[in-house]
Amino acid sequence: MPAVDVRLLEVVKRFGDMVAVDRLTLDIQDGEFFSLLGPSGCGKTTTLRMIGGFEEPTSGLIELQGEDVTWLPPFKRNVNTVFQNYALFPHLTIYDNVAFGLRRKGVKDAEVKRRVTEMLELVELPGFERRKPTQISGGQAQRVALARALINRPAVLLLDEPLGALDLKLRKQMQVELKRIQQEVGITFIYVTHDQEEAMTMSDRIAVMNQGHIEQLGDPESLYERPSTRFVAGFLGISNLLPGAVEGTDGSYATVRMADTSSVRAPSALVGSHADVSIGVRPEKIRLREPADRTPDGHNQITGVVRDASYLGVSTQYVVEARGGARLTVYEQNVERTTRAELWAPGEEVLLTWSPDHSFVVVDQPTPAVDGSTPA
Amino acid sequence: MSATPEVAPGLAVTARRTAGRGGGVLRAFERWGVPLFTAAAIFYLLIPILVMIAFSFNDPPGRFNFVWGEFSLAAWGNPFGRPRLGDALATSLVVAFISTVVATALGTLIALSLTRYQFRGRSATNLFVFIPMATPEIVLGASLLTMFVGTATEPWRTLTGGALFPLGTQTILIAHIMFNISYVVVTVRARMQGFPRHLEEAAMDLGANGWTTFWKVTFPLILPGILAAGLLAFSLSIDDFIITQFTSGTEQTFPVWVWASIRNNLPPQIHVIGTMVFVVAVGLVALNTILTGRREARDRRIAQEEAAGARKARLAVPE
């Protein structure tokens, strides 16, 4: 079992009256690529800055490899940071930037030279030593920032939206690159981002944050397939949520009655003992069929009318109005269709079916007054 | 129907001509007007200096170097050949140097704390720093004199150890440091306000404590601002007459010496020394321009070399 590298215990951070981080408890394993994902203002950057030592928590405990570092200044923590805007020292050459940390530790010049060269090779920037930060591109600056942090062999590398300033293509490239480097050096990465796709691409585990607390924590697949709150369902991809009342359990599935009196089934393990839930289903999990078609055994089915169809190339996106009035988004892959040869047209009646195993369950907040479910 | 095509091209031509003429006037102004105007402005600025330089080579017919007599190198051959002129210039330089160093150090620290820390009295300090600049110099000078003279009486005499009266170099220094601090604070603060704080966080993140962070990152980055502030302080101090006149007692700085001498005579030595100061100042600016240009050229060359090197390395790698 891997050791815990970073532990946050009941960490609270207040700025005046504003609670930025609210009783956050979190264990991050050694060697993990861990992401803090959430909209701006959710407390993810504040959390990262507290781990880095740039902010002091109002209360709570931060441990690094078993040692309490809550009140240690940044320069006494075995943690390094890749800043959002790179924060390269403009008056130093690339070499001196990367060597900065080693020199603070009093490493011998020959050793510094060897390690800087090695590190610039790792980030694929050999031969950039004598340049100044103003003479390299954004993507290159990003790599230098990474090299400058990693050369110190920290226990944990903190990354604060490091790809935010890059264009889409470069960002995709750097995502792959970052994951490669993380696997090569085997250091724990804590990655802050508001981009769900970025988090899903690279992370071993993701903590989805909202209003200072963790909404849900898990690996990308479980977060996407089985989001447990309305916020997570909405923040990671598109979800269709159908509110209903739990009627009973039949084996491993629970039956939920919708507003329009039709009923759908979902894994009973997800429903638990709740009475009022919303059944969720991802757009690509739904099949569209002719109303007269036979539904595969045990699948959920509801009827509706196509209201909108947009051809997107790889898939077609439909908006279907269910009988109860709920609007569902459905993606259909543009391949040889199993159910029908041509696209559905607005106004056509359709049957929506999906496997009950693809249903997820969202339990609405018991106190609707504090509604944190709308993504910013 | 047939008239329209005839009228239309005519209108178009007229329009084009007008536009052409307007453009031509503008172009001519850009081509000749702007450089002429600039030359005139520079000439206007340079006339007094040219007169000063010319009259440093004058052998005036009377005691006052106001009228052109004949060309002479006499004053240049003996630039300090007037009683106390050399001493006055030395005092000016010493006062300017010490007040610059002290005011730059103190002013930089004040500017740092004003931009860095929230503390009680911060906004008051921000305001007070402006007061010496906003107060008329003659008022400041008179007040300083009142204060220094006041220390001649008890209990201030004992408290100050009699150091502030009679007046002398030490009182000039105190006065110059006082007004120079304001200018340094304002100059350095302007530089600090745009200072990227995350660079300091990055330094600390990389293991530098507060002291090292300041000397390795903060200081090199605000150094141009500090140097600018220092230059400003030096020139303000060496130039100052009004406050110095009140606080100098029997001591003389160069401006005070000139003022004292002008009642009886105005020797060409004054023009010689003025020309020297001008040449040194221009020389420093030129040196700075050359060094900056060289450094930039070197950085560009390195970037090009490394880029070429990287290309070659890529080509050498077998596919």
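Computed from the coordinates by the stated procedures, all read-outs in this text should not be read as laboratory data. All of these numbers come straight from a predicted model, not from anything done at the bench. With ideal geometry, Cβ positions are generated from the backbone for all residues, glycine too; neighbour counts draw on all protein chains shown.
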*Assuming a ≥ b ≥ c are the square roots of the Cα gyration tensor eigenvalues, decide whether region A:207-341 counts as rounded (a/c under 1.5), prolate (otherwise, with a/b larger than b/c) or oblate.*
oblate
*Low-density loop cleavage sites - chymotrypsin sites (Phe, Trp or Tyr not before Pro) in region B:43-122, where at most 11 other Cβ are within 10 Å (DSSP)*: B:PHE66, B:TYR117, B:PHE119
*asked:* Going Cα to Cα from A:LYS13, which lysines come in below 27 Å? Please leave out same-chain ones fewer than 8 positions away.
replied: A:LYS44, A:LYS76
*Give, to the nearest whole percent, the P(r) tail of chain A beyond 34 angstrom, counting all Cα pairs.*
41
*Gap in Å between the Cα centre of region B:55-122 and the Cα centre of region A:279-336?*
86
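I want to verify the translational diffusion coefficient of region B:221-314 in µm²/s; compute it with Stokes-Einstein, Rh as the Kirkwood radius over Cα pairs, at 4 °C and 1.567 mPa s.
Details: Rh = 17.5 Å.
After rounding, the answer is 74 µm²/s.
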_Whether chain B is rounded, prolate or oblate, judged on the alpha carbon gyration tensor where a/c under 1.5 counts as rounded_ = oblate
*Net charge of neighbours whose Cβ lies under 12 Å from the Cβ of A:GLU177, counting Lys and Arg as +1 and Asp and Glu as -1*: +3
_Ignoring solvent entirely, what values of log10 I(q)/I(0) come out of the Debye formula for the protein assembly as shown at 0.09, 0.11 Å⁻¹ when each Cα is a single scatterer?_
-1.00, -1.17
_For region B:85-266: rounded, prolate or oblate by the Cα gyration tensor [a/c cutoff 1.5]_ = prolate
_Value at 222 nm in deg cm²/dmol, rounded to 500, when DSSP H runs of n ≥ 4 in chain A each add -39,500 (n - 2.57)_ = -7000 deg cm²/dmol
_Hull volume in cubic angstrom per residue (convex hull over the Cα atoms of region A:4-225)_ = 121
*Filter the trypsin sites (Lys or Arg not before Pro) in region B:58-145 down to the DSSP loop ones having no more than 11 other Cβ atoms within 10 Å, then list what survives.*
B:ARG63, B:ARG120
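Sort A:LYS113, A:LYS108, A:LYS132 so the one with the fewest other Cβ atoms within 10 Å of its own Cβ comes first. Walk me through the numbers on the way to the answer.
Numbers: A:LYS113 15, A:LYS108 9, A:LYS132 19.
The order, fewest Cβ neighbours first, is A:LYS108, A:LYS113, A:LYS132.
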*asked:* Less than 9 Å Cβ to Cβ from A:ASP219, Lys/Arg counted +1 and Asp/Glu -1: what total charge do the surrounding residues give?
replied: -1
*How far is it, in nm, from the label point at B:ARG295 to the one at A:GLU349 when both lie 7 Å from their Cα along the line to the Cβ?*
8.0
*Tell me the label-point distance for the pair A:ASP27, A:HIS274, using the 7 Å Cα-to-Cβ offset, in nm and rounded to one decimal.*
2.6
*Counting other C-beta atoms within 10 Å, which of A:ASP17, B:ASP239 has the fewest, and how do the rest follow?*
A:ASP17, B:ASP239
*State the antiparallel share, in %, of DSSP beta bridges confined to chain A, rounding to the nearest 5.*
80
